[in-house]
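Sharing a structure with you now.
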Amino acid sequence: MTTKQTARTVRHFLDISDLDSKSLRGIIDAAHAMKKAGKRVPAGLRPKDIEDRVLVLIFEKPSTRTRVSFDIAMRQLGGGALTLNHTDLQLGRGESVADTARVLSRYADGIMIRANEHATLLELARYATIPVINGLTEKSHPCQVMADIQTFEEHLGSIKGKSVAWVGDGNNVAVSWMHAAVRFGFKLKIAAPKELFPEEEAIAWVRREKGDVEIGTDPVHAVKDVDCVVTDTWVSMGQSDAARRKKMLAPYAVDAKLMGKAAKNAIFMHCLPAYRGHEVTEDVLEGPQSVVFDEAENRLHVQKAILAWCFGA
Ligand code: CP
Ligand code: NVA
């Protein structure tokens, strides 16, 4: 199959911004159904010939949730999974991404990659003739935010028209929240130090799409009356300037006082791993507004729905 044919027929899940609102809504609805069905696959969501399908998981960075939830998601769907660190592959000693993509496409039925560079993900998708899924890059983390949308809706109903505050580093997870705000139609208020605003490409995309996304530096303004407050680690994987980041981000720690400015029934989200006493205080993370373990669980359910979509269920 040529690259041109691939682009037409293969369903990659690279970024929330790549899919239309209807497809994304379908995936979230499927995720709710998957959760309700437990380990069984609801009628109509079982991918055709799933028992013959194997997903290859490639990790260039550490992972607990993504690694385990994708593997178990494939097993629960009825297929198989193979987990590889990139150093296990010839990729780790210089084989090109394009060659790796074409070889894996001859054996497997899908590839999920956690990549150091977004460019690796795009190159893989360009040459693979099987679906490629983004399991986090330095630019985005779409599977995480799909799980977060599912979690929001379990607690507070449809996210359409609601409001979410992102407080802290304008990082990869924040960018996927920006994509989601546009596609799912909710208000996103971001508070970050100017130097750590989300990357310009994402801001420009939101502007073009006329998304309801505010970006500023004041955490109190951002969280005022919102339905959900979200934060993430101050030091993402691969970043080296920890001391400087911690200093810049100290005013953005989510504590009970800041949570108190949000709506009364607001929820608190964090993709985990969390660093208590840094981006969030222990009492907020462990408190009644925190839904962080629901988010972690929903990675499993939403990824089953994403895989079903990729495999054309
Ligand atoms: N939230 C998340 O992606 O966790 P892992 O790094 O453990 O996969
Ligand atoms: N922003 C974090 C998310 C970890 C799941 C990182 O990239 O390390």
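Values quoted throughout were computed directly from the atomic coordinates according to the rules given, and no laboratory measurement underlies them. The structure presented is a predicted model; accordingly, all values stated were derived computationally and were not measured. Positions of Cβ are backbone-derived with ideal geometry, glycine not excepted, and every protein chain shown enters the neighbour counts.
Specify whether the C-alpha gyration tensor of the stretch 140-201 places it in the rounded, prolate or oblate class, a ≥ b ≥ c being the square roots of the eigenvalues: rounded for a/c under 1.5, otherwise prolate if a/b is larger than b/c and oblate if not.
Here the stretch 140-201 falls in the prolate category.
Write down the Kirkwood hydrodynamic radius of the stretch 143-296, to one decimal in angstroms, obtained as one divided by the mean of 1/r over all alpha carbon pairs. It would help to have the intermediate numbers written out before the result.
Numbers: mean 1/r = 0.0660 Å⁻¹.
Taking the inverse mean of 1/r over all distinct Cα pairs, the stretch 143-296 comes out at 15.1 Å.
Order these peptides, 41-53, 210-222, 294-306, by their mean beta-carbon neighbour count within 10 angstrom, highest first.
Descending mean neighbour count gives 294-306, 210-222, 41-53.
While we're on this one: Give, in whole angstrom and from largest to smallest, the semi-axes √(5λ) of the equivalent ellipsoid of the stretch 267-313, with λ running over the eigenvalues of the Cα gyration tensor.
Values: eigenvalues 173, 20, 7 Å².
Rounded to whole Å, the semi-axes are 29, 10, 6.
Separation between the THR83 and VAL103 pseudo-spin-labels, each 7 Å from Cα along Cα→Cβ, expressed in nm?
Between THR83 and VAL103, the label points sit 2.2 nm apart.
How big is the Kirkwood radius of the chain, worked out from every pair of different alpha carbons and given in Å to one decimal?
By the Kirkwood definition, the hydrodynamic radius is 19.7 Å.
Mark the label point 7 Å from the Cα of ILE72 along Cα→Cβ and return the residues of the stretch 281-313 whose backbone N is within less than 17 Å of it.
Within reach of a label on ILE72, which here means backbone N under 17 Å from a point 7 Å along Cα→Cβ, the stretch 281-313 contributes 292-307.
Once you have all Cα-Cα distances for the stretch 10-61, histogram them in 10 Å bins from zero and send the whole-percent values.
Going out from 0 Å in 10 Å bins, the stretch 10-61 shows 18, 39, 40, 3 percent.
Quick check: pseudo-label points 7 Å beyond the Cα along Cα→Cβ at THR64 and ASP283, how many nm apart are they?
Here the modelled spin labels are 2.5 nm apart.
Please go through the residue pairs LYS48/LYS160; LYS35/LYS187; LYS160/LYS264; LYS36/LYS257; LYS22/LYS246 and name each one whose alpha carbons sit more than 30 Å apart in this structure.
Cα-Cα > 30 Å for LYS48/LYS160; LYS36/LYS257; LYS22/LYS246; rest within.
Taking the Cα centre of each part, how many Å lie between the stretch 163-223 and the stretch 232-263?
15
Here's another thing I want to ask about it. Please arrange SER176, SER163, SER236 by counting, for each residue, the other beta carbons lying within 10 Å of its beta carbon, fewest first.
SER236, SER163, SER176
Further question: In debye, nearest 20: dipole of the chain around its Cα centre with unit charges on the Cβ of K, R (+) and D, E (-)? Can you show the working numbers first?
Details: 42 positive and 40 negative charges, 135 e Å.
Around 640 debye, computed over the chain.
Further, regarding this structure: Rounded to the nearest 500 deg cm²/dmol, what is the calculated helix-only ellipticity per residue at 222 nm for the chain, with -39500 (n - 2.57) per DSSP H run of length n ≥ 4?
Mean residue ellipticity, 222 nm, calculated: -12500 deg cm²/dmol.
Are any of the pairs LYS162/LYS261; LYS139/LYS247; LYS162/LYS210 more than 20 Å apart by Cα-Cα distance, and if so, which?
Violating the 20 Å Cα-Cα cut-off are LYS139/LYS247.
Taking only the Cα atoms of the stretch 82-212, how large is their convex hull per residue, in Å³?
135
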